[in-house]
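Here's the structure, in structure tokens; my notes come after.
The values are calculated or read from the model by the stated rules, or taken from the named source; none is laboratory data. Keep in mind the model is a prediction, meaning the values are calculated, not measured. Cβ placement follows ideal geometry from the backbone for every residue including glycine, while neighbour counts extend to all protein chains displayed.
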Amino acid sequence: MDLNLRHAVIANVTGNSQEQLEHTIVDAIQSGEEKMLPGLGVLFEVIWQHASDSDKTEMLETLEQGLKQ
């Protein structure tokens, strides 16, 4: 992923409220557009980098369960 894309995504959401961030995520998922996936990946990267070990374990468990369905 191009570093400029990371910076662009982060710049576009920096300062957003939790409600705005949720809207961005839900809108990207509901649109189903492939072009939204890199942006979601950048947001996940930020979450992962700032998560505790227990939060990471919970995310991995949730992901594993979601992929079993």
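Among residues of the range 25-45 that are free of Cβ contacts under 8 Å to residues at least 60 places away in the same chain, those with a Cβ under 8 angstrom from a residue that is of a type in the set (D, E, K, R), sequence gap 6+ or separate chain, pair up as V42/R6; E45/R6.
Just one of the listed residues (E22, E45) is at pLDDT 95 or above, surrounded by 12 or more Cβ atoms within 10 Å (Cβ to Cβ) and either under 21 Å from L60 (Cα atoms) or in contact with a Cys (Cβ under 6 Å, 6 or more places away or on another chain) (or both), and it is E45.
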